[in-house]
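The structure under discussion appears below in the form of structure tokens.
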Amino acid sequence: MDNWDEIRTAFQVARKGTVSGAAEQLGVHHATVIRHIDALETRLGVKLFQRHARGYTATEAGQDLLQVAQATDDQFTQLAGRIRGQGEGVSGDLVVTSLGMASRMLTPILVAFQVAHPEVRVRYRTGERVFRLEYGEAHVAIRAGAMPEEPDNVVQPFMSQQMALVASDTYIARHGKPNGVDDLQNHLFVSHDDDNHRAPFVRWLRGVVSADRLTYRATDNRNMMDAIVAGAGIGFVLSQELDRHPELTEVIPRHEEWAAPLWLVTHVDLHRTTKVQAFLRFLKDHVKPAKN
């Protein structure tokens with residue numbers, strides 16, 4: 001049916017039995033009710049109501065239509081209740097997005113949150129693409145780099161992403177360890193395959209060594225980590241990863257300019273919902289936030 005408003009009007013006329021009663025229920029003028037009924041009957045080519053002095057009585061055709069309208073109205077009512085419940089409770093889908101590099105840090109937190117809230121279904125989306133919160137693609141985004149500026153988003157500082165430039169024991173055995181920044185040009189590197197990647201440590205490396213030194217390139221952070229561990233070249237890893245990989249050695253001291261701030265981003269329409277607030281509190285409790 002092209003126009004649900006007309007069906008809804010007919011439904012209320014049948015329930016109330018009068019034009020005035022339907023108009024009051026719908027909050028419209030009685031002339032609107034009459035216009036909707038006339039238009040609907042014209043479109044269907046049948047009379048839906050018998051008009052009489054006391055009001056309107058549904059015909060047989062009208063009764064068939066109103067059974068469908070009743071079922072649809074009930075479904076809308078149930079849907080509204082479920083939606084309100086999702087907004088008010090900690091249940092249903094929780095969609096979180098970040099760069100894949102943050103997976104090691106975030107995954108245990110997401111699992112712990114799900115354990116604390118068994119009715120939550122976690123959907124963790126990683127990748128280079130910026131998921132659009134205004135289109136409902138995620139509840140919470142964790143983004144790196146410059147402060148996000150999309151309208152209607154709530155942005156909070158989260159933490160600083162600290163990076164370390166490392167080589168594996170295998171690489172050092174074959175090529176030795178660089179003797180400072182000036183010696184980096186004489187070594188091989190694992191780096192991102194995107195020449196325009198905006199991460200500050202990627203830009204720094206491309207400014208220090210020539211492109212021919214970037215001998216292993218990839219688009220996936222996990223693959224870059226695997227390549228560094230396997231000895232393909234020197235590369236950047238999150239500083240938190242060093243405790244898990246004793247075979248990796250920092251080749252030069254860390255530079256402050258390698259670090260990138262992380263931001264918590266939510267859409268204004270969902271920011272105050274119980275589920276989003278519960279997750280944000282949980283996340284901040286488990287990871288020390290960045291200082292302003």
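The values are calculated or read from the model by the stated rules, or taken from the named source; none is laboratory data. Remember, it's a predicted structure, so these values are computed and weren't measured experimentally. Because the Cβ atoms are built from the backbone with ideal geometry, glycine has one as well, and the counts that use them run over all protein chains shown. Just the protein is used for accessible areas: all its heavy atoms, side chains included, with ligands, DNA and RNA removed. Shrake-Rupley method; radii C 1.70, N 1.55, O 1.52, S 1.80 Å.
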In segment 3-23, residue most open to solvent (accessible area, probe 1.4 Å) [restricted to those that are touching a His at 6+ places or on another chain (Cβ under 9 Å) and over 17 Å from Thr59 (Cβ atoms)]:
Arg8
How many residues are at pLDDT below 95 and hydrophobic (A, V, I, L, M, F, W, C) if we restrict to segment 237-254?
3
For residues that are open to solvent by less than 70 Å² (accessible area, probe 1.4 Å), without any contact (Cβ under 8 Å) to a residue 40 or more places away in the chain and not in a loop (DSSP other than H, G, I, E, B), scanning just segment 53-72, find the one that is nearest to Arg8 (Cα to Cα).
Ala71
Would you say Ala260 is surrounded by 14 or more Cβ atoms within 10 Å (Cβ to Cβ), of a type outside the set (S, T, N, Q) and at pLDDT below 85?
yes
Tell me, which residue of segment 126-144 that is modelled with pLDDT of 90 or more, of a type outside the set (Gly, Ala, Ser) and under 8 Å from the mean Cα position of the chain (by Cα) is nearest to Gly92 (Cα to Cα)?
His139
Quick test of your reading of the structure: Ala211 fulfils all but one of (1) exposed (fewer than 15 other Cβ atoms within 10 Å of the Cβ); (2) within 22 Å of Gly145 (Cβ to Cβ); (3) without any contact (Cβ under 8 Å) to a residue 60 or more places away in the chain. Name the failing condition by number.
(2)
Tabulated pairs, segment 4-22, first closer than 17 Å to His52 by Cα, second basic (Lys, Arg) and in a helix (DSSP H, G or I), C-beta under 7 angstrom, 6+ apart or interchain
Ala22/Lys16
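Okay, residues lined up against (1) modelled with pLDDT of 95 or more; (2) surrounded by 14 or more Cβ atoms within 10 Å (Cβ to Cβ); (3) part of a loop (DSSP other than H, G, I, E, B); (4) out of contact with any Lys or Arg (no Cβ under 9 Å at 6 or more places or on another chain):
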{"site": "Ser160", "(1), (2), (3), (4)": "no, yes, no, no"}
{"site": "Ala167", "(1), (2), (3), (4)": "yes, yes, no, no"}
{"site": "Arg174", "(1), (2), (3), (4)": "yes, no, no, yes"}
{"site": "Lys177", "(1), (2), (3), (4)": "yes, yes, yes, yes"}
{"site": "Leu184", "(1), (2), (3), (4)": "yes, yes, no, no"}
{"site": "Val190", "(1), (2), (3), (4)": "yes, yes, no, no"}
{"site": "Asn196", "(1), (2), (3), (4)": "no, no, yes, yes"}
{"site": "Val202", "(1), (2), (3), (4)": "no, yes, no, yes"}
Arg217 - would you say it is at negative phi and touching an Asp or Glu at 6+ places or on another chain (Cβ under 9 Å)?
yes
Test for Leu270: is it in contact (Cβ under 8 Å) with a residue 40 or more places away in the chain and under 25 Å from Ala146 (Cβ atoms)
yes
Of the conditions (1) over 21 Å from Ala102 (Cα atoms); (2) touching a Phe, Trp or Tyr at 6+ places or on another chain (Cβ under 8 Å), the single one that Val208 does not satisfy is (2)
Between Asn196, Asn186, which is over 21 Å from Met147 (Cα atoms) and either touching a residue at least 60 places away in the same chain (Cβ under 8 Å) or out of contact with any helix residue (DSSP H, G or I) (no Cβ under 6 Å at 6 or more places or on another chain) (or both)?
Asn186
Those residues of segment 25-52 which are open to solvent by less than 50 Å² (accessible area, probe 1.4 Å) and part of a loop (DSSP other than H, G, I, E, B), in sequence order
Leu48
